[in-house]
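Asks: Take this structure, written in structure tokens, and hold onto it; I'll ask about it next.
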There are 2 protein chains.
Amino acid sequence: MADEALSAGAVARRLGVAVTTLRTWHQRYGLGPSEHVPGHHRRYTPADLARLEIMRRLTVEGVSPAEAARWARQSPAVPPPERLGLKAGVSTARDGGGATIPVGRAGPVARGLARAAMRLDSVAIGRTIADSLAADGVVATWEGLLRPVLAGIGERHAATSGLIEVEHLMSRCVSEAFASVARAHPAVGPPRILLSCADEEQHSLPLEALAAALAEIGVSYRMLGARVPAPALVEAVNRTGPAAVVVWSHIRATADPHQLTALLAAPRRPLLVLAAGPGWRADSLPAGVVRPVDLAEALSLAVAVRDSLDQSTAG
Amino acid sequence: MADEALSAGAVARRLGVAVTTLRTWHQRYGLGPSEHVPGHHRRYTPADLARLEIMRRLTVEGVSPAEAARWARQSPAVPPPERLGLKAGVSTARDGGGATIPVGRAGPVARGLARAAMRLDSVAIGRTIADSLAADGVVATWEGLLRPVLAGIGERHAATSGLIEVEHLMSRCVSEAFASVARAHPAVGPPRILLSCADEEQHSLPLEALAAALAEIGVSYRMLGARVPAPALVEAVNRTGPAAVVVWSHIRATADPHQLTALLAAPRRPLLVLAAGPGWRADSLPAGVVRPVDLAEALSLAVAVRDSLDQSTAG
DNA sequence: GTTTCGACGCAGCAATCGACGCAACTCGTA
DNA sequence: TACGAGTTGCGTCGATTGCTGCGTCGAAAC
């Protein structure tokens with residue numbers, strides 16, 4: 001009984017919101033301590049906290065705050081956070097405000113994901129991504145959810161030179177989610193596709209998306225990861241003899257065509273070399289290199305290679 | 001034995017606080033002699049004194065007195081970190097030939113892992129690590145298997161300036177394995193521990209090991225990942241208000257003590273700041289920063305923080 | 001006679017209060 | 001397409017609250 005009184009700061013820390021936000025929620029939505037004398041400090045009981053947990057969870061899921069507050073306020077007594085089978089798309093009211101991430105018209109789920117990222121809530125981030133992956137698959141999740149949110153963070157990051165920690169956390173969570181997909185779909189057959197970032201290229205997330213998409217349809221691959229120097233890539237090709245190599249470059253600076261030329265000149269030259277990512281310039285690519293425009297195209301190309309190999313070896 | 005009965009004045013002199021403060025601590029926080037008849041003189045046993053020492057140390061480090069008291073009150077049950085059930089490698093057979101990785105005396109499993117890494121066989125790598133994690137736990141796997149192999153790769157890499165692709169692949173696989181552990185053990189309660197690499201620090205694997213170890217015992221945390229600039233770290237602390245922050249630095253160049261100072265000066269200053277990793281120099285750390293020597297110690301410190309917070313908020 | 005006891009009070013300081021405003025998103029409208 | 005209106009999270013400011021260490025005082029314990 002004595003310890004049932006949490007201060008405003010403690011509650012804010014628990015929920016991952018600012019103290020001022022708690023005050024705002026109190027006066028705007030009536031979501032405050034049940035007994036509070038104006039001027040005195042707020043003391044939140046477990047019941048009050050449970051209400052706020054609901055509020056936070058709903059907003060993280062993309063529900064508009066006003067609606068979430070209405071929901072939380074009428075929640076009679078649900079101390080443990082349970083599962084409300086809430087489907088996206090309920091919110092009709094306006095939304096926005098505060099230090100948020102622009103996600104364009106990517107939908108409430110993306111908004112919820114962006115909010116979870118802003119509060120560094122890796123659990124919510126992971127669950128949101130996993131749900132979407134399970135429901136819509138890798139390609140749709142990447143194009144419809146992850147890329148908009150990541151782009152929004154990057155945009156904001158470029159503008160304010162902040163949010164680096166948010167960007168990193170999102171990257172990690174996305175990476176983990178993709179790895180989870182790969183683990184859930186054991187690959188069939190030997191890996192004939194090699195995925196690699198260009199030299200000095202640090203962004204490997206799109207490549208991981210491709211890897212997850214491949215895994216999802218049962219295509220086996222090898223993933224080298226970020227920042228692979230050209231000699232190391234050639235060395236890997238010579239050691240493993242892949243049929244197709246995908247080289248990702250996110251920015252111009254890492255898109256040296258020379259590393260593609262080196263691939264084509266390797267002793268065990270791959271059948272297909274894909275230059276993926278916005279870094280590559282179409283006019284500077286050596287002959288024989290294919291440049292997919294998006295994840296879906298890269299995926300279908302990779303599948304085509306797999307199929308052709310299946311034919312040539314099985315037939 | 002002779003000093004089993006310390007008077008209030010003696011204890012006060014020993015701790016460097018006023019006698020009245022001892023009385024206050026007794027009646028406000030229950031931090032008094034275990035056996036005390038009201039009206040009679042207080043007699044402090046060594047156990048009582050130990051509790052008070054904890055109380056004083058924590059408050060000196062900046063912990064709020066109420067919180068420190070809660071911590072001190074249930075201190076006796078803080079067993080030192082032990083229990084590493086790692087079965088030592090007993091390999092006697094020769095091994096080697098070709099391009100291999102030196103793993104020292106880390107056992108046959110490590111040698112197998114190194115070979116799989118050389119083959120770029122991510123499936124075998126992943127399975128080996130997962131098996132070890134399941135059998136021996138995170139700490140033992142890290143110390144006994146992963147660290148030796150990673151060190152071996154790094155050593156060879158430094159010597160031959162090759163193997164970069166092997167190093168990357170291993171990193172990815174280890175990272176995935178740790179993420180898998182984290183996913184398999186859903187965390188309990190809100191995250192109060194923040195894990196972050198130092199500015200410009202690219203090695204995040206040891207930090208991920210700590211994260212996985214925390215997850216394994218059900219402790220919730222937030223992981224920011226590699227290359228977190230000092231302002232971003234402070235920003236994250238202010239937004240999430242963690243109780244403890246672990247900052248990892250692998251090399252001297254990234255171990256700028258200033259980022260720790262900034263942490264301690266943050267508006268929502270964490271209870272505990274841990275400077276982890278071989279980069280930090282003990283003599284350059286600001287006061288109030290703790291420097292764990294290995295994974296196990298960092299782990300037990302983090303657990304201690306968690307326990308104390310559980311008491312203060314829920315107990 | 002010295003030390004400690006319990007009670008009371010005080011001053012410094014951190015946390016919080018209420019009020020206000022800013023920035024930024026979304027949506028309707030022109 | 002551009003722009004204003006409505007929303008919303010949160011930073012800031014001056015004032016207030018409440019926690020904390022410790023000094024003081026008469027009485028009791030050693």
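The values are calculated or read from the model by the stated rules, or taken from the named source; none is laboratory data. Because the structure is a prediction, the values reported are computed rather than measured. Note: ideal-geometry Cβ built from the backbone for every residue, glycine included; neighbour counts use all protein chains shown. Just so you know, the surface numbers come from the protein's heavy atoms only, side chains and all, with ligands and any DNA or RNA stripped out. Shrake-Rupley method; radii C 1.70, N 1.55, O 1.52, S 1.80 Å.
Asks: Report, by residue number, each residue of the stretch B:231-240 that is more than 7 Å from chain A (Cβ to nearest Cβ) and open to solvent by 10 Å² or more (accessible area, probe 1.4 Å).
Replies: Matches in the stretch B:231-240: B:PRO231, B:VAL234, B:ASN238.
Asks: Can you pull out the residues in the stretch A:1-54 that are small (Gly, Ala, Ser) and either within 13 Å of DNA strand C (Cβ to nearest atom) or exposed (fewer than 14 other Cβ atoms within 10 Å of the Cβ) (or both)?
Replies: Pass one, the stretch A:1-54, residues small (Gly, Ala, Ser): A:2, A:5, A:7-10, A:12, A:16, A:18, A:30, A:32, A:34, A:39, A:47, A:50.
Scanning the stretch A:1-54 gives A:ALA2, A:ALA5, A:SER7, A:ALA8, A:GLY9, A:ALA10, A:ALA12, A:ALA18, A:GLY30, A:GLY32, A:SER34, A:GLY39.
Asks: Among B:SER171, B:SER132, which is facing chain A (nearest Cβ under 9 Å) and small (Gly, Ala, Ser)? Give the steps one after another, and end with the answer.
Replies: Working: B:SER132 fails: facing chain A (nearest Cβ under 9 Å).
Just a single option satisfies the conditions, and that option is B:SER171.
Asks: Taking the stretch B:151-162 only, how many residues are in a helix (DSSP H, G or I) and open to solvent by 30 Å² or more (accessible area, probe 1.4 Å)?
Replies: Just the residues of the stretch B:151-162 that are in a helix (DSSP H, G or I), to begin with: B:151-160.
Remaining after also requiring open to solvent by 30 Å² or more (accessible area, probe 1.4 Å): B:151, B:155-160.
Summing the residues that are in a helix (DSSP H, G or I) and open to solvent by 30 Å² or more (accessible area, probe 1.4 Å) in the stretch B:151-162 gives 7.
Asks: All but one of (1) in contact with a helix residue (DSSP H, G or I) (Cβ under 7 Å, 6 or more places away or on another chain); (2) near DNA strand D (Cβ under 8 Å from one of its atoms); (3) in contact (Cβ under 8 Å) with a residue 24 or more places away in the chain hold for A:ARG56; which doesn't?
Replies: (2)
Asks: Could I ask something else about it? Restrict the check to the stretch A:88-111 and report whether at least one residue is within 14 Å of another protein chain (Cβ to nearest Cβ), more than 12 Å from DNA strand C (Cβ to nearest atom) and modelled with pLDDT under 85. Break it down into steps so the answer makes sense when it comes.
Replies: Initially, the stretch A:88-111 is screened for residues within 14 Å of another protein chain (Cβ to nearest Cβ), giving A:98-101.
Restricting the remaining residues to those that are more than 12 Å from DNA strand C (Cβ to nearest atom) gives none.
No, because not a single residue in the stretch A:88-111 is within 14 Å of another protein chain (Cβ to nearest Cβ), more than 12 Å from DNA strand C (Cβ to nearest atom) and modelled with pLDDT under 85.
Asks: Further question on the same structure: Going through the stretch B:276-299 one residue at a time, which ones are open to solvent by 50 Å² or more (accessible area, probe 1.4 Å), over 13 Å from B:LEU260 (Cα atoms) and either without any contact (Cβ under 8 Å) to a residue 40 or more places away in the chain or in contact with a helix residue (DSSP H, G or I) (Cβ under 8 Å, 6 or more places away or on another chain) (or both)?
Replies: Correct list: B:PRO278, B:ASP283, B:VAL293, B:ASP294.
Asks: Could you list, in sequence order, the residues of the stretch B:163-181 that are surrounded by fewer than 23 Cβ atoms within 10 Å (Cβ to Cβ) and small (Gly, Ala, Ser)?
Replies: B:SER171, B:SER175, B:SER180, listed by residue number.
Asks: Something else: Taking helices (runs of 4 or more DSSP H) that do not extend beyond the stretch B:1-71, which have at least 3 residues that are among the β-branched types (Val, Ile, Thr)? Before the answer, list the steps.
Replies: Details: elements: B:8-15, B:19-29, B:46-60.
Passing ranges, in order: B:19-29, B:46-60.
Asks: Quick check on this structure: which one of B:VAL228, B:VAL245, B:VAL219, B:VAL273 is touching a residue at least 60 places away in the same chain (Cβ under 8 Å) and open to solvent by less than 10 Å² (accessible area, probe 1.4 Å)? Step through it out loud before you land on a result.
Replies: Numbers: B:VAL228 fails: touching a residue at least 60 places away in the same chain (Cβ under 8 Å); B:VAL245 fails: touching a residue at least 60 places away in the same chain (Cβ under 8 Å); B:VAL273 fails: touching a residue at least 60 places away in the same chain (Cβ under 8 Å).
Of the residues listed, the single one that is touching a residue at least 60 places away in the same chain (Cβ under 8 Å) and open to solvent by less than 10 Å² (accessible area, probe 1.4 Å) is B:VAL219.
Asks: Within the stretch A:13-46, how many residues turn out to be within 11 Å of DNA strand D (Cβ to nearest atom) and within 13 Å of chain B (Cβ to nearest Cβ)?
Replies: 8
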